[in-house]
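One structure is given here, and the rest of the page talks about it.
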């Protein structure tokens, strides 16, 4: 425990608990170091995170990482939170002074749980979608029709190209396999 | 500072420092030298040897050889026996030995030796039948510790020695590092061939240990040098350290201070186990089979490094068996060998008391610990399990 910020987030962690009636809950665990973590999120209709809480049984660094992350995501869209969860170095390690290198996996675990929660949220929105067109990317509200059109018009062949064209897959990436399916279907017709 | 980590190392006793001091300031000279300076150093070493002999109950001073540490003593004992008996390729040891024995035997396994690893039960005790059954004509050595460093469980080395003696020609090595100074030892009455001890566990500084070699036992030398220690262990005698070890042996050999340690440990353990619902003892509840200073307690469903950090913040030093905290990211091998559930092993704390602990130390620990555990229980994702546990506790 070297930095004041780490100390603060460890000895007085923020957001400890479970969101009652959460829009998403996910867990992460490490078989090697034995740490476990649960993150729960409440999300409003505009896909903004209104609440984030965590519970953990893991080392002080995991607690500090989780405290910081849950504090940061409040007010972000799920897409923004997903990006945070994909880059533990930027989101956690570099936020603290003197985060030990042998604790990078703790930051990664906290990010993994957060990202997992956002993916669960995206999955549930996709499933419950009642619009005319199938929803593929929840984070950026991109429909199947839009993606198909982009692929046909510009002759796209990869997910990365689709993302550049219409943002689908730029958030939590839970729609990657769906985009892959669409690419296959459309391109095999040619 | 409340120091409850005496099994890790101990504070150097003022009496020991006083004994050592002249040999850091006034007296110097190589104990092997022929001039009077050297001879004075030599007699200091021999005086210390007598003190160690006395504490261990060895039959003769010639049975004590000074080393640099417990790990050296263990390594020498095992390697020395193997080298001296090249036709014997079988070793018997346990899953709960200290790394100095365990990791060495694992390495020897890779080098072609056959190792039988004895298991322990849920209370940390050995099954002596499986030891008897494992003995073979080609068993070079049996190595079993006297006291486990994590749980404090004591192995019946008297009985084990008898079993080894009557069923084989193997030698019996005991890692006594954690036990010396905590429980009485009388090696002249035991069928123990080799016995390791370490100074820094009994209020001498780090950097000195000893190996007891029963008269008649032969083993190859480990450190070959200038004929020191009757040609058995090379290297200029570390006189100040050796003097320290001798003084420490004399200190802990006196009955004073031991009863208080036992009483404080019992009090701490009883209070924690009765008042904190998710607390459970690791190691046999039979206190005659455990060191009087050690209490290894699991706080299930919370994590040990967290507990340690909070106690540290409160000025209390302990150890944990949690994987998060170990450099190898492995949870305590002893607790794993005892089949302690993962969620409990992760939350294990070892309290190991010593002669400098007081009633106030224990009172203060008991004052802050419940609050720490409560805070971490609220943080635990095992909320369902904890609710059930707390409900049952009443």
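Would you point out the residue of segment A:37-60, among those that are away from every other protein chain (no Cβ under 14 Å) and assigned to a strand (DSSP E or B), that is nearest to residue A:70 (Cα to Cα)?
A:52
Test residue B:191 against the criterion of being in contact (Cβ under 8 Å) with a residue 24 or more places away in the chain, more than 15 Å from the chain's Cα centre (by Cα) and within 19 Å of residue B:96 (Cα to Cα), and give yes or no.
Taking the combined requirement at face value, the residue does not satisfy it.
Only one residue in A:34, A:98, A:17 is surrounded by fewer than 18 Cβ atoms within 10 Å (Cβ to Cβ), within 14 Å of chain B (Cβ to nearest Cβ), over 29 Å from residue A:169 (Cα atoms) and touching a residue at least 12 places away in the same chain (Cβ under 8 Å), so which one is that?
Only one candidate qualifies: A:17.
Which numbered condition in (1) outside any loop (DSSP other than H, G, I, E, B); (2) not assigned by TED's automatic domain parsing to the domain that holds residue B:156 is the only one that residue B:7 fails?
Of (1) outside any loop (DSSP other than H, G, I, E, B); (2) not assigned by TED's automatic domain parsing to the domain that holds residue B:156, only one is false for residue B:7: (1).
Among the residues of segment B:181-194, are any surrounded by 24 or more Cβ atoms within 10 Å (Cβ to Cβ), within 19 Å of residue B:242 (Cα to Cα) and assigned by TED's automatic domain parsing to the domain that holds residue B:133?
There is at least one residue in segment B:181-194 that is surrounded by 24 or more Cβ atoms within 10 Å (Cβ to Cβ), within 19 Å of residue B:242 (Cα to Cα) and assigned by TED's automatic domain parsing to the domain that holds residue B:133.
Using the structure shown, decide if residue A:26 is touching a strand residue (DSSP E or B) at 6+ places or on another chain (Cβ under 8 Å), within 14 Å of another protein chain (Cβ to nearest Cβ), surrounded by 15 or more Cβ atoms within 10 Å (Cβ to Cβ) and not in a helix (DSSP H, G or I).
Judged against the criteria, residue A:26 is a match.
Out of (1) in a strand (DSSP E or B); (2) without any contact (Cβ under 8 Å) to a residue 60 or more places away in the chain, the odd one out for residue B:161 is which?
So the condition that residue B:161 fails would be (1).
Any idea how many residues of segment B:77-93 are surrounded by fewer than 24 Cβ atoms within 10 Å (Cβ to Cβ) and either within 20 Å of the chain's Cα centre (by Cα) or under 17 Å from residue B:155 (Cβ atoms) (or both)?
1
Look at residue B:334 and say whether it is within 14 Å of chain A (Cβ to nearest Cβ) and in contact (Cβ under 8 Å) with a residue 12 or more places away in the chain.
For residue B:334, the condition - within 14 Å of chain A (Cβ to nearest Cβ) and in contact (Cβ under 8 Å) with a residue 12 or more places away in the chain - is not met.
Where the second residue is buried (at least 18 other Cβ atoms within 10 Å of the Cβ) and the first is outside the structural domain of residue A:177 (by TED's automatic domain parsing) and lies in segment A:134-154, which pairs have Cβ atoms under 6 Å and are six or more apart or on separate chains?
Nothing qualifies.
Conditions (1) at pLDDT 95 or above; (2) on the phi > 0 side of the Ramachandran plot; (3) in contact with a helix residue (DSSP H, G or I) (Cβ under 9 Å, 6 or more places away or on another chain), marked per residue:
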{"residue": "B:261", "(1), (2), (3)": "yes, no, no"}
{"residue": "B:267", "(1), (2), (3)": "yes, no, yes"}
{"residue": "B:282", "(1), (2), (3)": "yes, no, yes"}
{"residue": "B:291", "(1), (2), (3)": "yes, no, yes"}
{"residue": "B:301", "(1), (2), (3)": "yes, yes, yes"}
{"residue": "B:321", "(1), (2), (3)": "no, no, yes"}
{"residue": "B:328", "(1), (2), (3)": "no, no, no"}
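For segment B:359-388: of the residues being away from chain A (no Cβ under 14 Å) and in contact (Cβ under 8 Å) with a residue 24 or more places away in the chain, which is surrounded by the fewest Cβ atoms within 10 Å (Cβ to Cβ)?
Of everything passing the filter in segment B:359-388, B:359 is surrounded by the fewest Cβ atoms within 10 Å (Cβ to Cβ).
Could you look through segment B:304-331, keep only residues that are farther than 12 Å from residue B:372 by Cβ and at the interface with another protein chain (Cβ under 8 Å from one of its Cβ atoms), and pick out the one that is surrounded by the most Cβ atoms within 10 Å (Cβ to Cβ)?
Taking the candidates together, the pick is B:322.
Out of the residues in segment B:19-41 meeting the condition of being without any contact (Cβ under 8 Å) to a residue 24 or more places away in the chain and in a helix (DSSP H, G or I), tell me which one is farthest from residue B:356 (Cα to Cα).
By that ranking, first place goes to B:36.
Go through the residues of segment B:40-50 one by one and say whether even a single one is over 20 Å from residue B:210 (Cβ atoms) and either out of contact with any helix residue (DSSP H, G or I) (no Cβ under 7 Å at 6 or more places or on another chain) or surrounded by fewer than 16 Cβ atoms within 10 Å (Cβ to Cβ) (or both).
Taking every residue of segment B:40-50 in turn, at least one turns out to be over 20 Å from residue B:210 (Cβ atoms) and either out of contact with any helix residue (DSSP H, G or I) (no Cβ under 7 Å at 6 or more places or on another chain) or surrounded by fewer than 16 Cβ atoms within 10 Å (Cβ to Cβ) (or both).
Against the conditions (1) surrounded by fewer than 23 Cβ atoms within 10 Å (Cβ to Cβ); (2) within 30 Å of residue A:30 (Cα to Cα), where does residue B:228 fall short? Just the number, please.
(2)
The values are calculated or read from the model by the stated rules, or taken from the named source; none is laboratory data. Every value quoted in this text rests on a predicted model; they were computed, and no experiment measured them. Backbone-built Cβ (ideal geometry, glycine too); neighbour counts: all protein chains shown.
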